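K.L.:
Here's a structure for you.
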Amino acid sequence: MAERRRFHVGRHGGVLVPLFSIPSRSSWGVGEIADLARFAGWLRQAGLDFVQLLPVNEMQEGQNSPYSALSAMAIDPVFIALGDVPEFQDAGGESSLAAGDRERLEQVRASAVVDFRTVRAVKSLALHSSFHAFRDRHLATASDRSRAFREFVAREAWWLGDYALFRALHDEHRACYWRDWEPELRDRQAGALEHARGRLADTILYYQYLQWLADEQWQRARADCGEVGLFGDFPFMVSGHSADVWARQHEFRLDASVGTPPDAFSETGQNWGLPVYRWDRLAEGNYEWLRQRARRCSELYDGFRVDHLIGFYRTFVREPDGRTYFTPSDEPSQTRQGERIMRTLKEAGAEIIAEDLGLIPDFVRESLSRLHLPGLKVLRWEREWHSPRHPFRDPARYPAGSVAISGTHDTETLAEWWDNAPVEERHLCAEIPGLREAGCNPDDLFGPRTRDALLRALFSAGSNFVIVPFQDFFGWRGRVNVPALVNDENWTWRLPWPIEDLQVRPDAQERAAFLRTLATEYDRL
């Protein structure tokens with residue numbers, strides 16, 4: 001495993017960007033694991049010391065959202081760099097693809113957005129071909145690659161076994177929900193599972209092989225990132241149709257769903273359609289699945305963001321009959337549960353950031369303070385809401401144990417927010433000390449001077465961490481995600497050019513120099 005970078009002391013600057021958004025010229029139309037090290041080169045130039053990724057767990061077919069996962073543990077094979085797979089290169093690399101597939105590959109590389117459907121189709125052909133070569137050439141021998149593969153399978157059996165079997169059964173049943181499988185497989189009867197392992201042995205090996213490739217590439221990328229750390233995302237939940245829920249059915253309710261009450265994102269609240277934790281069952285098992293997930297995150301990342309933190313204290317449940325309520329139901333129980341879970345996650349050893357946005361009660365904020373878990377300070381929402389005119393808080397006064405951010409993957413970009421905000425709101429924002437002096441004119445639409453003034457305010461924050469979505473560094477308007485929007489365009493944003501251009505484009509080099517100046521000036525270098 002790569003050596004962990006330590007982020008529990010000092011001041012740090014990072015960027016938020018999905019892995020799929022940072023493809024290189026050699027990757028297949030989507031950011032790949034190997035691209036992390038290339039991206040880290042520009043981050044070092046910019047004086048930034050970590051990248052905050054969205055989840056890289058395997059997404060459901062037909063889904064673009066990294067929060068719709070078939071597994072809480074497995075890396076999505078779409079991120080595997082075929083150029084670094086020996087079996088694919090031995091077969092001739094891209095020249096071994098059929099003419100039609102090479103044409104599709106060039107199309108996804110030239111696309112302005114990530115075409116997940118086509119990328120998966122072309123990569124699947126190459127990965128299957130690579131696996132067959134590996135199986136025939138190495139598995140029957142005692143080669144070094146065979147030994148490394150078998151060591152990985154043995155070491156990661158604690159999650160890989162159920163995952164690979166689930167994926168094989170998922171394919172056999174043409175992706176239908178596991179609750180519609182034959183009762184003996186649905187209910188995980190020992191004899192039926194053993195028979196399936198024999199019947200589907202080759203497919204199981206295939207999915208183990210993909211995870212081995214992903215793990216080798218991931219550990220190599222972490223090492224190649226040098227002093228730039230990798231932060232991940234710990235989703236509150238996975239899909240009901242996932243290896244985890246199938247393997248641990250007794251710990252989830254599938255007849256109700258998780259959501260949120262009305263908040264700033266939705267006047268009616270949200271229904272995520274995800275299963276509900278049986279918190280009593282998880283507690284009886286000492287939160288084993290959450291421990292496993294934290295362990296897995298700590299193997300992959302230097303730190304991770306706990307998504308929807310409030311849900312671990314109290315989960316908003318939607319019943320089929322329309323009733324809604326929180327579980328646990330009372331504040332003392334919610335506090336005990338949330339703090340026990342947060343301590344469980346911290347024990348894994350990685351740095352933790354709490355996503356504490358939305359309606360967060362005071363007792364949860366007090367709990368985070370006791371646990372020394374930094375929460376998020378979104379500049380546009382940090383205001384004195386109980387004071388006349390609701391003035392903006394000075395970022396320099398944010399507590400050290402917090403994370404100053406310009407927005408999240410769910411919010412408008414800085415440029416969109418500024419241009420859509422009422423003029424009165426922009427004037428209040430411009431009262432933040434130093435903004436007008438740095439060139440921010442609240443009567444103007446968003447431009448370079450306002451962009452850089454807001455970035456300076458963020459880097460000057462008292463927060464030990466500052467995280468800025470990549471688009472906001474440049475003042476771009478393209479969004480990663482629009483909440484509650486389901487179409488083929490959501491979750492497909494990518495850089496307008498390959499990441500190699502970060503090292504040569506004058507605008508990218510100017511941005512790196514400016515950010516390095518901020519990081520130096522505000523002791524984040």
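The values are calculated or read from the model by the stated rules, or taken from the named source; none is laboratory data. As the structure is a computational prediction, the values presented were derived from the model and not from experiment. Backbone-built Cβ (ideal geometry, glycine too); neighbour counts: all protein chains shown.
K.L.:
Do you know which residues across segment 399-431 are hydrophobic (A, V, I, L, M, F, W, C), farther than 15 Å from Leu445 by Cβ and part of a helix (DSSP H, G or I)?
P.N.:
Listed by number, the list holds a single entry, Leu428.
K.L.:
For segment 471-494, enumerate the residues that are of a type in the set (A, V, I, L, M, F, W, C) and buried (at least 22 other Cβ atoms within 10 Å of the Cβ).
P.N.:
Of everything in segment 471-494, those that are of a type in the set (A, V, I, L, M, F, W, C) and buried (at least 22 other Cβ atoms within 10 Å of the Cβ) turn out to be Phe473, Val480, Trp491, Trp493.
K.L.:
Working only within segment 360-378, note down all residues that are assigned to a loop (DSSP other than H, G, I, E, B) and under 23 Å from the mean Cα position of the chain (by Cα).
P.N.:
Passing the criteria: Ile360, His372, Leu373, Pro374.
K.L.:
Here is a further query. Filter segment 442-477 for residues that are part of a loop (DSSP other than H, G, I, E, B) and either at pLDDT below 95 or not polar (S, T, N, Q) (or both) and give the result.
P.N.:
Pro442, Asp443, Asp444, Leu445, Phe446, Gly447, Ala461, Gly462, Gly475, Trp476, Arg477
K.L.:
How many residues are surrounded by fewer than 22 Cβ atoms within 10 Å (Cβ to Cβ), in contact (Cβ under 8 Å) with a residue 40 or more places away in the chain and part of a helix (DSSP H, G or I) if we restrict to segment 58-106?
P.N.:
6
For every residue, the table says whether it meets (1) in a strand (DSSP E or B); (2) hydroxyl-bearing (Ser, Thr, Tyr); (3) at pLDDT below 95.
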| position | (1), (2), (3) |
| --- | --- |
| Arg293 | no, no, no |
| Ser298 | no, yes, no |
| Gly311 | no, no, no |
| Phe316 | yes, no, no |
| Gly322 | no, no, yes |
| Thr335 | no, yes, no |
| Arg343 | no, no, no |
| Ile352 | yes, no, no |
| Gly358 | no, no, yes |
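K.L.:
Does Ala519 satisfy being within 21 Å of Arg397 (Cβ to Cβ), in contact (Cβ under 8 Å) with a residue 60 or more places away in the chain and surrounded by 21 or more Cβ atoms within 10 Å (Cβ to Cβ)?
P.N.:
no
K.L.:
May I pose another question? Select from segment 267-278 the residues that are surrounded by fewer than 19 Cβ atoms within 10 Å (Cβ to Cβ) and modelled with pLDDT of 95 or more and list them in ascending order.
P.N.:
Answer for segment 267-278, where residues must be surrounded by fewer than 19 Cβ atoms within 10 Å (Cβ to Cβ) and modelled with pLDDT of 95 or more: just Arg278.
K.L.:
Look through segment 369-392, keep the residues that are surrounded by 16 or more Cβ atoms within 10 Å (Cβ to Cβ) and of a type in the set (Lys, Arg), and return whichever of them is nearest to Gly447 (Cα to Cα).
P.N.:
Ranking the candidates gives Arg380 first.
K.L.:
Right, here's the next one. Please work out which residue is nearest to Asp76 (Cα to Cα), limiting yourself to segment 1-44 and to residues that are assigned to a loop (DSSP other than H, G, I, E, B) and among the aliphatic types (A, V, I, L, M). Walk me through how you get there before you give the answer.
P.N.:
In the first step, residues of segment 1-44 are kept if they are assigned to a loop (DSSP other than H, G, I, E, B); the result is 1-11, 17-18, 22-34.
Next cut, among the aliphatic types (A, V, I, L, M) only: 1-2, 9, 17, 22, 30, 33-34.
Values: Met1: 19, Ala2: 20, Val9: 32, Val17: 17, Ile22: 16, Val30: 12, Ile33: 10, Ala34: 14 Å.
If we take residues in segment 1-44 being assigned to a loop (DSSP other than H, G, I, E, B) and among the aliphatic types (A, V, I, L, M), then Ile33 is nearest to Asp76 (Cα to Cα).
K.L.:
Give all pairs with beta carbons closer than 8 Å in which a residue from segment 287-300 that is closer than 13 Å to Gln219 by Cα and not assigned by TED's automatic domain parsing to the domain that holds Gly338 meets a residue that is surrounded by 20 or more Cβ atoms within 10 Å (Cβ to Cβ) and of a type in the set (Asp, Glu); count only pairs at least 6 apart in sequence or on separate chains.
P.N.:
Note: no pairs meet the criteria.
K.L.:
Inspect all residues belonging to segment 464-472 and state whether any of them is over 27 Å from Gly375 (Cβ atoms) and out of contact with any Pro (no Cβ under 8 Å at 6 or more places or on another chain).
P.N.:
no
K.L.:
Given the criteria modelled with pLDDT of 95 or more, assigned to a loop (DSSP other than H, G, I, E, B), touching a Phe, Trp or Tyr at 6+ places or on another chain (Cβ under 9 Å) and of a type in the set (A, V, I, L, M, F, W, C), does Trp497 qualify? Don't jump to the end; show me each part of the working.
P.N.:
Numbers: modelled with pLDDT of 95 or more: yes; assigned to a loop (DSSP other than H, G, I, E, B): yes; touching a Phe, Trp or Tyr at 6+ places or on another chain (Cβ under 9 Å): no; of a type in the set (A, V, I, L, M, F, W, C): yes.
Spelling it out, it is not the case that Trp497 is modelled with pLDDT of 95 or more, assigned to a loop (DSSP other than H, G, I, E, B), touching a Phe, Trp or Tyr at 6+ places or on another chain (Cβ under 9 Å) and of a type in the set (A, V, I, L, M, F, W, C).
K.L.:
Conditions: (1) closer than 16 Å to Ile341 by Cα; (2) buried (at least 22 other Cβ atoms within 10 Å of the Cβ); (3) modelled with pLDDT of 95 or more. Asp244 meets all but one. Number of the miss?
P.N.:
So Asp244 meets the others, but not (1).
K.L.:
Can you go through Arg145, Arg137 and tell me which one is buried (at least 16 other Cβ atoms within 10 Å of the Cβ), in contact (Cβ under 8 Å) with a residue 24 or more places away in the chain, in the same structural domain as Arg197 (by TED's automatic domain parsing) and not small (Gly, Ala, Ser)? Break it down stepwise before answering.
P.N.:
Working: Arg137 fails: buried (at least 16 other Cβ atoms within 10 Å of the Cβ).
Matching residue, one of Arg145, Arg137: Arg145.
Yes/no matrix, rows are residues, columns are (1) over 19 Å from Pro391 (Cβ atoms); (2) exposed (fewer than 13 other Cβ atoms within 10 Å of the Cβ); (3) out of contact with any strand residue (DSSP E or B) (no Cβ under 6 Å at 6 or more places or on another chain); (4) acidic (Asp, Glu):
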| site | (1), (2), (3), (4) |
| --- | --- |
| Trp417 | no, no, yes, no |
| Ala421 | no, no, yes, no |
| Cys429 | no, no, no, no |
| Glu437 | no, yes, yes, yes |
| Leu445 | yes, yes, yes, no |
| Arg449 | yes, no, yes, no |
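K.L.:
Just name the residue that is nearest to the chain's Cα centre (by Cα) out of those in segment 153-180 that are aromatic (Phe, Trp, Tyr) and surrounded by fewer than 19 Cβ atoms within 10 Å (Cβ to Cβ). Outline the logic, then answer.
P.N.:
Taking segment 153-180 first, the residues aromatic (Phe, Trp, Tyr) are 158-159, 163, 166, 177-178.
Retained after the next criterion (residues that are surrounded by fewer than 19 Cβ atoms within 10 Å (Cβ to Cβ)): 158, 177.
On the way: Trp158: 22, Tyr177: 24 Å.
If we take residues in segment 153-180 being aromatic (Phe, Trp, Tyr) and surrounded by fewer than 19 Cβ atoms within 10 Å (Cβ to Cβ), then Trp158 is nearest to the chain's Cα centre (by Cα).
K.L.:
Looking at (1) touching a residue at least 60 places away in the same chain (Cβ under 8 Å); (2) part of a loop (DSSP other than H, G, I, E, B), which is the one condition that is false for Leu485?
P.N.:
Among (1) touching a residue at least 60 places away in the same chain (Cβ under 8 Å); (2) part of a loop (DSSP other than H, G, I, E, B), the lone unmet condition for Leu485 is (1).
K.L.:
When the residues of segment 219-230 are narrowed to those that are surrounded by fewer than 22 Cβ atoms within 10 Å (Cβ to Cβ) and assigned to a helix (DSSP H, G or I), which ends up nearest to the chain's Cα centre (by Cα)?
P.N.:
Across segment 219-230, the extreme among qualifying residues is Gln219.
K.L.:
Give the residue, chosen from Asp233, Asp255, that is within 21 Å of the chain's Cα centre (by Cα), within 25 Å of Val486 (Cα to Cα) and either outside any loop (DSSP other than H, G, I, E, B) or not assigned by TED's automatic domain parsing to the domain that holds Ala350 (or both).
P.N.:
Answer to the check: Asp233.
K.L.:
Within 28 Å of Leu300 (Cβ to Cβ) and not assigned by TED's automatic domain parsing to the domain that holds Leu454: which single residue out of Glu366, Glu331, Glu355 fits that description?
P.N.:
Numbers: Glu366 fails: within 28 Å of Leu300 (Cβ to Cβ); Glu331 fails: within 28 Å of Leu300 (Cβ to Cβ).
Being within 28 Å of Leu300 (Cβ to Cβ) and not assigned by TED's automatic domain parsing to the domain that holds Leu454 holds for just one of Glu366, Glu331, Glu355, which is Glu355.
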